Each structure stands twice: as C-alpha cells, then as structure tokens.
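The values are calculated or read from the model by the stated rules, or taken from the named source; none is laboratory data. Being a predicted model, the structure only gives us computed values, none of them experimental. Note: ideal-geometry Cβ built from the backbone for every residue, glycine included; neighbour counts use all protein chains shown. Remember, those area values only see protein heavy atoms, side chains included, never the ligands or the DNA or RNA. Shrake-Rupley method; radii C 1.70, N 1.55, O 1.52, S 1.80 Å.
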Amino acid sequence: MQEFILFMMTFLFVFLIYQIFIVRKAKRRNSSKKPMEIRYLESRYKIDIGKVNYKRLLLVISLISSFDIALLVSIVMMIDHYLLEILVAFVAVIPLILFTYHFIGIYYVKKGLIKNV
C-alpha cells in the first residue's frame, strides 16, 4: 500500500510541475520552443503537429512522462542498496521513456496524423 501511495504522490507532483513549467510555455505553439518530446515524435514517427490537437498531445505527453517518472521512483525505492538504486535508475530510464513514447507514436500513426512524405 505504501508503494501505491508513493507512486500516486510522485505522479501527481510530477504532473503538476510538468503542467506548470513545460506545458504552459509550449501551448503558445512557438516552433522554436517545442518540448523535446514533441520534436522526438515529429522526427521519429513523422507526426504532423498541424493535424494533431496540440493541447491534447501536451496532456498525453505530460501524463506519460509523469507515469514514467513515478514508475521509476517506485521501482527504485523498493531496492535497499544505494548504488544499486542509482544503477537501476540509469539503466531503466531511457528504455522506459522510449518504450512509452513508442506507444504514443504508434497511436498517432494509426490515427493517420503523420506527414505526407
């Protein structure tokens, strides 16, 4: 039960911070100020941001990023050895992020919101 509470508190905290500092700036649609996540989806999956509901995409990205961080914190907090915690965090963070953003990219590709190349 404590792990679930830790997960939810971490999720809510990261989600609120992400909404305040990242999403609020990105809602202006300034092309030079796009979040890294959107640039990754544009380059890797050829997603056309003009066809996508931008605010909804930002919400999905903030939810997924919050989930990634909360899951990683929950997993790392179950380990008792400090150096092993750091090692697991470093090893797991990139594959976890790529795995979850892969599903976002596949979702938008299946909806047909890609650039016509």
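Things worth noting here:
- Inside the stretch 60-83, residues that are open to solvent by less than 80 Å² (accessible area, probe 1.4 Å) and not small (Gly, Ala, Ser) make up a count of 12.
- Note on the stretch 65-117: residues that are of a type in the set (D, E, K, R) and within 26 Å of ILE22 (Cα to Cα) amount to 3.
- In the stretch 36-56, residue surrounded by the fewest Cβ atoms within 10 Å (Cβ to Cβ) [restricted to those that are touching a residue at least 24 places away in the same chain (Cβ under 8 Å) and of a type outside the set (D, E, K, R)]: TYR54
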